[in-house]
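Here's the structure we're looking at; comments come further down.
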Amino acid sequence: MNIQFTRQPSLFRLLFVFAVFTFFNLTTVSGQLVPNGSSNAKIGSFVDSILVKMTLEEKLGQLNQYRWVWGENEEPIRQQYREYIKEGKIGSFLGIFGVESTRELQRIAVEESRLGIPLLLAFDVIHGFRTIFPVPLAESASWEPANAEKSARIAAIEAAASGLHWTFAPMVDITHDPRWGRIIEGAGEDPYLGSQMAAARVRGFQGQDLAASNTVLACAKHFVAYGAAEGGRDYNTADISERSLREIYLPPFQSVINSDVATVMASFNEIGGVPMHANGWLINDVMRREWGFNGLVISDFTGVMELLHHGIAADSTQAGINAISAGVDIDMVSNIYLTKLKQAIEKKELPIAIVDEAVRRVLKLKYRAGLFEDPYRYQDTNREKQLLLHSDHLKASREVARQSIVLLKNENQILPLNNNIQSIAVIGALATDGRSSLGSWHGAGRSEEAITVLQGIRDALPGCAIKFAEGYTTPQSQDKTRFAKAVEIAQQSEAVILVLGESGAMSGEASNRSTLDLPGVQQDLAQEIHKTGKPLVVVLMNGRPLSINWLDQNVPAILETWFLGSQMGHAVADVLVGHYNPGGKLPVTFPRSVGQIPIYYNHKNTGRPPDKDIVWTSKYIDIDWTPLYPFGYGLSYTTFAYKNLNLNKNQMVKTDTLDVSVEVHNTGKVDGDEVVQLYIQDEVGSVTRPVKQLRNFKRIHLRAGEMKRVSFKISAEDLQFYNIAMKNVVEPGFFKVYVGGNSVDLLEKRFELVATK
Ligand code: BGC
């Protein structure tokens, strides 16, 4: 730590240095005081050595986070922030990056504030920093946690090279509601897949050593049940049972805490009358005490202030007291901890011990990021120049993007396109929309650096005549004046690639929809193009499941490509021309209609499960109850057959493991990837259990004609659930094991868990 002594008498300074050296085992590097060692005890002692020197204002400053402002007219605010840093009133910033800008702020903190405590600099690096990867929902469609780890690793390398220490990712919210715009930022509907992807992302961001200059602190968000917002309206109330919390929404958080995630962000919603920014039960009791999380909790943007709107605090002081007492350590942007908590402590409305604990967590985080050792370790202009948009990163982005594509339909093997094709019509404004290719939360990514679908197709087929027409102006537009031109180029070409969907801005924060239909006049356009009789491929770009019944019934080939990032066009073209055989699977159910929501595969059976021949069962009179495409679904240019599902025994005890294996055959003519999925159903429990739950999966590659026997192990942990007393238990009885290539077409076996005496 570079402690500033300018305002201390020199004798005191000498004594202090001696004392600190002796008690806290500090060493000198380049004339600076630096901490030595990383054991918890050493970190604790070091942090306490700073804490004793801090005034109450400086402590509250560490708990205060502001957002950096970039606007041309905002220099007065920036100047004010610089002054605040000197005065120790800011512990961290959000929204700043770039070596030059971050170095300057860090210099002020370290060299001009009284204690020289370095700043933490944070940014939302969600699916890439400058090299953008597929949006998280798409990446989950690859069913390959290694992809999530790789993309997070590269995002961390670039972000850290640009002066950042901390990302507000991964977003680990499970949701059953595709109307909710933020479905795009998570892994979809399943807690198991979500937990695997979440933990992989944390490993990628944080690496092996948080103090290394190529890692960033991760932040699991939003704690918790943010994805259960009623009506799919962002920020809305979540009214759910403790069982749903523990079985659906909490598991990904527990998974990242087991992977040592450094920080967690509170969510905007309330649960059962308690806003999460004041929810001491979930933050302090469940997350900290029950699970042993000892990292830091940050509020969401103005989340502390919003306790006023929630109506549980009459004024800002009460809001601040509620939030910090519930375990929210840093106040992002509300400016309440800094301005209101001093008085609350002086009036004995808030114990200082709570503030001290929060400050300790902030200082520990700075320590873990290596900032006391070298506050400028993330500020290296050369590294920034070399690493951003590095060719290896672009290569990795293309690879992950290809693996994230899901083939929804391919009648008569219309895809891949014939090698000898001479002319293609590419139709749809999204095909040239670089900004949408990047998707929501695209970090420092630039639209002009994204490969669009049109460009990708042109690059992949240099000898082919490719005509382009917009068809629609924007995805939501009602204007049909561009249809004629689109139909004309369709008629002049051998095949049509029609790019439909949502703009990048139609999903993400606050971008909720009340329908899942194709927006604007896009379906009308598809109908016009369909009338030409030309072979038609629809490429979907979208951030959520869409109810595309007409396309499903009429268009021979549909490719779900989401928003795939910097290399989107190349990845899509690789699949269209057959350089890559798609193997992605849906991480979320596609409904037939918005009215089916919530629709998810791991539902309960009910007392009257749907039966088309019996009226008084759980279904609709105007639509089938089944989804359009189920969870885990996706096709390939080849076909796979599952045979000989085998369990090594039909009884096990709690301490056993059961071996499951299945033969997977590539029965088609080309090599391909298949995601082998294992589901379990507890047939009878003391409380009702879902009809099936994903418990394992493997993405495998099979050459044409090849067979592999794929094995899984089942242990008691896979059979656990919360009983009526909310205890995690395993109950003896019969279980079904299902294995297959999606959540519906499955082979089945049964085993018994027998009680041990
Ligand atoms: C979002 C968070 C984000 C924060 C900072 C909020 O509006 O809900 O996910 O990390 O802003 O940008």
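The values are calculated or read from the model by the stated rules, or taken from the named source; none is laboratory data. Just so we're clear, the structure is a prediction, and the values are computed from it rather than from any experiment. Cβ sites come from the backbone with ideal geometry, for glycine too, and all protein chains shown count toward neighbours. The protein model used for the area step is the full one, side chains on, heavy atoms only, and it has no ligands, DNA or RNA in it. Shrake-Rupley method; radii C 1.70, N 1.55, O 1.52, S 1.80 Å.
What the table below lists for this structure:
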read-out	value
Selection count, segment 129-153, where residues are in a helix (DSSP H, G or I) and among the hydrophobic types (A, V, I, L, M, F, W, C)	5
Subset of segment 219-258 that is among the β-branched types (Val, Ile, Thr) and assigned to a loop (DSSP other than H, G, I, E, B) - its residue that is nearest to the ligand (Cβ to nearest atom)	VAL224
Selection count where residues are among the hydroxyl-bearing types (Ser, Thr, Tyr) and within 16 Å of the ligand (Cβ to nearest atom), scope segment 481-519	2
So ALA314, is it among the hydrophobic types (A, V, I, L, M, F, W, C), in a loop (DSSP other than H, G, I, E, B) and surrounded by fewer than 24 Cβ atoms within 10 Å (Cβ to Cβ)	yes
Filter pass, ARG233 being within 15 Å of the chain's Cα centre (by Cα) and surrounded by fewer than 24 Cβ atoms within 10 Å (Cβ to Cβ)	no
Residue satisfying all of: in segment 178-193; touching a Pro at 6+ places or on another chain (Cβ under 9 Å) and outside any helix (DSSP H, G or I); farthest from the ligand (Cβ to nearest atom) among these	ASP190
Every pair of residues 6+ apart whose Cβ atoms lie under 8 Å, when the first sits in segment 193-215 and is at positive phi while the second is assigned to a helix (DSSP H, G or I)	GLY207/ARG153; GLY207/ALA156
Residue among GLY295, GLY227, GLY303 that alone is surrounded by 21 or more Cβ atoms within 10 Å (Cβ to Cβ) and under 25 Å from VAL594 (Cα atoms)	GLY227
Residue match in segment 159-176 (condition: more than 17 Å from LEU365 (Cα to Cα), assigned to a loop (DSSP other than H, G, I, E, B), away from the ligand (no atom under 16 Å from the Cβ) and not polar (S, T, N, Q))	yes
Selection within segment 745-755 - assigned to a loop (DSSP other than H, G, I, E, B) and open to solvent by 90 Å² or more (accessible area, probe 1.4 Å)	ASP745
Any chance VAL660 is assigned by TED's automatic domain parsing to the domain that holds ASN542 and outside any loop (DSSP other than H, G, I, E, B)	no
Filter result for LYS534 (open to solvent by 30 Å² or more (accessible area, probe 1.4 Å) and either touching a residue at least 24 places away in the same chain (Cβ under 8 Å) or of a type in the set (Asp, Glu) (or both))	yes
Residue match in segment 512-522 (condition: part of a helix (DSSP H, G or I) and either open to solvent by 30 Å² or more (accessible area, probe 1.4 Å) or closer than 24 Å to ASP624 by Cα (or both))	no
Qualifying residue in segment 635-648 (condition: surrounded by fewer than 20 Cβ atoms within 10 Å (Cβ to Cβ), in contact (Cβ under 8 Å) with a residue 40 or more places away in the chain and assigned to a loop (DSSP other than H, G, I, E, B))	no
Residue list for segment 560-578, restricted to those being outside any loop (DSSP other than H, G, I, E, B) and within 21 Å of ASN420 (Cβ to Cβ)	VAL572, ALA573, ASP574, VAL575, LEU576
Among the candidates LYS395, LYS348, LYS366, LYS385, residue that is part of a helix (DSSP H, G or I), of a type in the set (Lys, Arg) and closer than 24 Å to LYS89 by Cβ	LYS366
Selection within segment 689-725 - in contact with an Asp or Glu (Cβ under 6 Å, 6 or more places away or on another chain), assigned to a loop (DSSP other than H, G, I, E, B) and open to solvent by 30 Å² or more (accessible area, probe 1.4 Å)	ARG703, ALA704
Contacts under 6 angstrom Cβ, first residue in segment 607-620 being within 22 Å of PRO591 (Cα to Cα) and without any contact (Cβ under 8 Å) to a residue 12 or more places away in the chain, partner open to solvent by 60 Å² or more (accessible area, probe 1.4 Å) and of a type outside the set (Gly, Ala, Ser), 6 or more apart	THR617/ARG608; LYS619/TRP625
Residue satisfying condition, being within 16 Å of the ligand (Cβ to nearest atom) and assigned to a loop (DSSP other than H, G, I, E, B), within set SER440, SER477	SER440
Qualifying residue in segment 262-282 (condition: of a type in the set (Asp, Glu), in a loop (DSSP other than H, G, I, E, B) and either touching a strand residue (DSSP E or B) at 6+ places or on another chain (Cβ under 8 Å) or surrounded by fewer than 23 Cβ atoms within 10 Å (Cβ to Cβ) (or both))	no
Segment 199-218 - residue that is touching a Pro at 6+ places or on another chain (Cβ under 8 Å) and of a type outside the set (D, E, K, R) and, of those, nearest to the ligand (Cβ to nearest atom)	ALA218
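Okay, residues lined up against (1) surrounded by 17 or more Cβ atoms within 10 Å (Cβ to Cβ); (2) within 25 Å of TYR629 (Cβ to Cβ):
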position	(1), (2)
ASP392	no, no
ALA396	yes, no
LYS409	yes, yes
LEU417	yes, yes
HIS442	yes, no
